[in-house]
Amino acid sequence: MSSPLRMRHLDVLLAVAAEGSMQRAAQRVHLTQPAISKLVREMETMFGATLFERSKRGVMLTESGRALAIRAEYLRNDMDNAREEVAAIARGTLGSLRIGALPVAESRLLPKSLMALRRIAPDLRVRVHDGTGAALLGSLRRGELDCVIGRLDSRADGKDLVAEKLLRLPTRIVARRQHPLAAKRRLRPEDLASYPWVLPQPGAPIRTVIDGIFAAAGIAAPVPIVESTSIRLNYELVRSSDMIGVMPDDAATAYKADRALAILSFELGDRLPYVGVMRRTAPPSHALSLFLRLLRETCG
């Protein structure tokens, strides 16, 4: 590079990419349009590549520009996180922690860990985000989350993410108490295929396991009536219909104890991946290091 890359360059790159216009990008970052053009030319010189294509419709990223914009977003998020952590240390606090949580962690593992964290660091601000595994891992890669807790996902097996096993947590197949299958002692895939399902989206670990069970039996996997990872929503759907669903063991056991649902007699065994925590390979913050220690103790 002929001159140093500055955060201002990255801000301009992302602003032009988002707005599709040099003029609107200038308003967004409070610069003049000539200043925007100059910074874009500097970046193109630094990287030896054209970053934007100009047309009647506006300004669009080239393939090289898109690659740089992805890294620019990561870098900007990392700098924002670093500023927040340094400011928190200066105040004598730990700052904040952003956790992505998949439903399997919500019933027992995450609440116990967060209560232990509150006792040790009562001033630490915690934000918990839910969503699909793919969405949460995307946020993690961009630096918008500090970690994701759930079943370990093959999409987290890469150079940029670290996946740590925590524990095996069974998943149960559930139905309403008066469901025709609830009283049967032994169920076959054929029995389960006869009823509608509510399942997570394709690609989710439990969905992959369920689809695999039917494939091994030579049966077409059921197409779920609803795709959902919400334990509460799935409970309401299953409780009020003949739909079949899946739930973490602790949630299914609690609903069974309340005589709200039945656990069907079909064991998934060890087919499911471990529940674990996924984070970026970058060194963890003080807050994340503390939380990871408490998370391991909760699982120990």
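The values are calculated or read from the model by the stated rules, or taken from the named source; none is laboratory data. Not measured: the values here are computed from a predicted model. Every residue, glycine among them, receives a Cβ derived from its backbone with ideal geometry; neighbour counts consider all protein chains shown. Heads up: the accessible areas ignore ligands, DNA and RNA and are worked out on the full protein's heavy atoms, side chains in. Shrake-Rupley method; radii C 1.70, N 1.55, O 1.52, S 1.80 Å.
To the nearest 20 debye, what charge dipole does region 1-160 have about its Cα centre, counting +1 at the Cβ of each Lys and Arg and -1 at the Cβ of each Asp and Glu?
Value, rounded to 20: 240 debye.
Helix-only mean residue ellipticity at 222 nm, the chain, DSSP H runs n ≥ 4 weighted -39,500 (n - 2.57), per residue, nearest 500. What is it?
It lands at -14000 deg cm²/dmol.
Please list the three semi-axes, largest first and in whole Å, of the ellipsoid equivalent to the chain, using sqrt of 5 times the eigenvalues of its alpha carbon gyration tensor.
Taking √(5λ) for each eigenvalue gives 45, 25, 16 Å, largest first.
Heavy atoms only, probe 1.4 Å: what % of the accessible area of region 209-300 goes to carbon and sulfur, would you let me know?
Carbon-and-sulfur percentage of accessible area, whole number: 53.
Could you check what % of the DSSP bridge pairs in region 83-230 are antiparallel, to the nearest 5?
Around 10 percent antiparallel, to the nearest 5.
Can you list, bin by bin at 10 Å, the percent of alpha carbon pairs in region 97-206, starting at 0?
Going out from 0 Å in 10 Å bins, region 97-206 shows 11, 35, 29, 17, 7, 0 percent.
In square angstrom, what is the accessible area per residue of region 68-149 with a 1.4 angstrom probe?
50 Å²
Please compute the modelled spin-label separation between R142 and A193, points set 7 Å along Cα→Cβ, answer in nm with one decimal.
For A193 paired with R142, the spin-label model returns 4.0 nm.
Compute for region 243-300: radius of gyration divided by Kirkwood radius, i.e. Rg/Rh, restricted to C-alpha atoms, rounded to two decimals.
When Rh is taken as the Kirkwood radius, the ratio is 1.14.
Explain nothing, just compute: Karplus ³J(HN,Hα) = 6.51 cos²θ - 1.76 cosθ + 1.60, θ = phi - 60°, for every residue of region 38-48 in order, whole Hz, x for Gly and Pro.
5, 5, 5, 4, 4, 5, 5, 5, 4, 9, x
Using a probe of 1.4 angstrom, how much of the accessible area of region 1-101 is carbon and sulfur, in percent?
Exposed carbon and sulfur together represent 53 percent of the surface.
Please identify the trypsin sites (Lys or Arg not before Pro) of region 179-215 that satisfy two criteria: DSSP loop assignment and at most 14 other Cβ atoms within 10 Å. Which are they?
Passing both the DSSP loop test and the Cβ count: K184, R185, R186.
What is region 209-264 by shape, rounded, prolate or oblate, if you read a ≥ b ≥ c off the alpha carbon gyration tensor as root eigenvalues and call it rounded for a/c under 1.5, prolate for a/b larger than b/c, and oblate otherwise?
prolate
Would you please give the residues with an amide H less than 5 Å from that of G100, counting only those at least 5 places away or on a separate chain, with H modeled from the backbone geometry?
HN-HN under 5 Å from G100: H129, D146, C147, V148, I149.
With 26 Å as the cut-off, how large is the P(r) tail for region 154-300, expressed as percent of Cα-Cα pairs?
33 percent
What Kirkwood radius, in Å to one decimal, follows from the Cα pairs of region 1-136?
17.9 Å
Count neighbours as other Cβ atoms within 10 Å of each site's Cβ, and list the trypsin sites (Lys or Arg not before Pro) in region 56-133 that are DSSP loop with at most 10 such neighbours.
Sites meeting the loop and neighbour criteria: K56, R57.
Output wanted: per-residue J couplings in Hz (rounded whole) for region 262-272, from phi through Karplus 6.51 cos²θ - 1.76 cosθ + 1.60, θ = phi - 60°, x for Gly and Pro.
Listing the rounded values in order: 10, 8, 6, 7, 9, 8, 8, x, 9, 5, 7 Hz.
With +1 assigned to the C-beta of every Lys and Arg and -1 to the C-beta of every Asp and Glu, and no other charges, what is the dipole magnitude of the chain about the Cα centre in debye, to the nearest 20?
Here the size comes out at about 340 debye.
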